[in-house]
1. Show the residue pairs meeting these rules: Cβ distance below 7 Å; 6+ apart or different chains; first residue within the range 387-406 and part of a helix (DSSP H, G or I); second residue small (G, A, S).
2. Go through the range 80-93 and count every residue that is in a loop (DSSP other than H, G, I, E, B) and either in contact (Cβ under 8 Å) with a residue 40 or more places away in the chain or within 20 Å of A441 (Cα to Cα) (or both).
3. Please list, ordered by residue number, the helices (runs of 4 or more DSSP H) wholly in the range 101-173 having 3 or more residues that are touching a Pro at 6+ places or on another chain (Cβ under 7 Å).
4. Considering only the range 176-211, state which residues are in a helix (DSSP H, G or I) and either touching a strand residue (DSSP E or B) at 6+ places or on another chain (Cβ under 8 Å) or closer than 18 Å to T143 by Cβ (or both).
5. Consider A371 carefully, then state whether it is assigned by TED's automatic domain parsing to the domain that holds L230, at pLDDT 95 or above and either touching a Gly at 6+ places or on another chain (Cβ under 9 Å) or within 17 Å of L304 (Cβ to Cβ) (or both).
6. Just checking, how many residues over the range 212-226 are of a type in the set (A, V, I, L, M) and either assigned to a strand (DSSP E or B) or outside the structural domain of Y146 (by TED's automatic domain parsing) (or both)?
7. When you look at V86, is it in the same structural domain as A176 (by TED's automatic domain parsing), touching a helix residue (DSSP H, G or I) at 6+ places or on another chain (Cβ under 7 Å), surrounded by 19 or more Cβ atoms within 10 Å (Cβ to Cβ) and modelled with pLDDT of 95 or more, yes or no?
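The values are calculated or read from the model by the stated rules, or taken from the named source; none is laboratory data. From a predicted model like this one, the values you see are computed outputs, not experimental measurements. As a convention, Cβ positions derive from the backbone with ideal geometry for all residues, glycine included, and neighbour counts pool all protein chains shown.
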Amino acid sequence: MKYFKIFLIVFLPLFFALTGCKLDEPNAASTQSDLGTHTVSRYVALGNSLTAGVQSGSLVEDHQVFSYPNLIAGQLGVETFEQPTVSFPGISNILQFNPITHAVTPAPGAEGTPNNLGYAAPYNNLGIPTATTWDVLHATNSTNNYRYMFFGEDNPAVDLVLRNPNLGNTSMFAQAALQHPDLLTLWIGSNDVLGFATSGGLKPITPYADFTNPFTGLPMPGFETSMTELMDTVATLGAMVAVANVPDVTSPPFFTTVGQALAAGFIASGIPYPLSYEKGTDDLSAGIATGSATTTDMLNGTVLLLLTGSGYTDEIGKPSGKWYRDFAAMKGITVDQLLATMPVVDTTQAFGFHPQNPWPSALILDPDEIAMAKAATSAYNQLIAAKAAEKGFALFDANGFLSSIVSNGGMTTQGYSFNASYVTGGLFSLDGVHLSNAGYAIIANSFIDAINTKYSVSIAPVIIRNVLGFAPVKKINAADMKYDLRSLSGLLEMTGGKIW
């Protein structure tokens, strides 16, 4: 069998600097906030890793300063806005790009440590990585949160942020209420579907309606119950409230980069074969893989290859078992033990071209899985919009905003151009899911726009120039990006997509 080496051509900047347009200086009036009859001396943010300010798979103080809540607090001029900061290299260790080897790997050394666990009051930024909608009102520690109840995985980030029992075994919302906020932002719901997507459909979506847990047989609240209870409870604060809805979780570069590059490699190399892949409904213990994706399917997003698969693309066409060796190592078992559970697999066949050695389900979303993620997101967002209107909250349509950037090929703000391309687009960090400094600033300004419109105030926008730094523009032609399952394990855990 002829071996084909597929190159992923991705341009990465050494520094997240942007090219192109000159900044249009804001006029003096636009840099001054005017709250009119409102007073905002206490601001609290509730949410998940996007609220916490995670970048490149890590919660780390170097980037937490650019979290959108911290940027909003700066525009409001609030005296205190405390975040649960973590020393370098963060939790998990932040991803770094090696321009020599082209590898993207976690920074070396032990994980970072919390800087301010002893802070006497609740944090103002209460964003908890991996938090779901139910968690905002109910989770108080790493083992009584939604994902632990659903499929038995703890979430140490709950302990990091809430610091119970020292703060009275209180939830995210309870700690917000203790602060009597004048303004509260809420961006939650992504993790109710994101773990499904980042795991290639192996982890469950939070059902919309209440349901019986298939793993435990116990009743569990669905998204509708959790979000309705949350919105009703937030309304009791009497604060100005701004909520954001759930983005299309299949649109970030984590899902769009590898398939595009692989298809381009197939075309450039004249490879006539489709990609043979394992569908979510396939059972390799009993039958061969049935998925087949053409270059057109990969280019137009009919299937989505995950960023976790980028380190396996040059195995395509080889009699390779690299994926199974890596997966077994993450599970802490031998590759023979793993393959014993899937006797159909034959790693002497061409990886990715033969249905007995297919591209694995964990590294791809098939058409049915994409449809499931989109349907859940649509249902979630209809409820969020209805409850925001009912309660009189400001609503930032994050789904529509980010989708428009994808469909329009980018956006321009304050003279800078951005798009959703992996890293070089300027919006996303190295993990392909979480935003960059500039991306979070743009989100901050979108929240500010929604607050200004709803409450007739004039909070000044974040100046994008101030979050970019002044590093020289320098791009690298980085062929064959080398992510693997281990290097992105921290991200998968953070998004609920852990598969080992």
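1. K391/A235; A398/A244; F401/S446; L402/S251; S403/S251; I405/A420; V406/S251; V406/A420
2. 8
3. Result: 156-162.
4. Answer for the range 176-211, where residues must be in a helix (DSSP H, G or I) and either touching a strand residue (DSSP E or B) at 6+ places or on another chain (Cβ under 8 Å) or closer than 18 Å to T143 by Cβ (or both): A176, N191, G195, A197.
5. Numbers: assigned by TED's automatic domain parsing to the domain that holds L230: yes; at pLDDT 95 or above: yes; either touching a Gly at 6+ places or on another chain (Cβ under 9 Å) or within 17 Å of L304 (Cβ to Cβ) (or both): yes.
When the stated conditions are applied, A371 passes them.
6. To start, the set of residues in the range 212-226 that are of a type in the set (A, V, I, L, M) comprises 218, 220.
Imposing the further condition that a residue be either assigned to a strand (DSSP E or B) or outside the structural domain of Y146 (by TED's automatic domain parsing) (or both) reduces the set to 220.
Looking only at that region, the number is 1.
7. Yes: the conditions hold for V86.
Per-residue answers, yes or no, for (1) surrounded by fewer than 20 Cβ atoms within 10 Å (Cβ to Cβ); (2) assigned by TED's automatic domain parsing to the domain that holds G189; (3) of a type in the set (V, I, T); (4) more than 18 Å from D431 (Cα to Cα):
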residue	(1), (2), (3), (4)
V54	no, yes, yes, no
V60	no, yes, yes, no
Q64	no, yes, no, no
P69	no, yes, no, yes
T80	yes, yes, yes, yes
I91	no, yes, yes, no
N115	yes, yes, no, yes
T132	no, yes, yes, yes
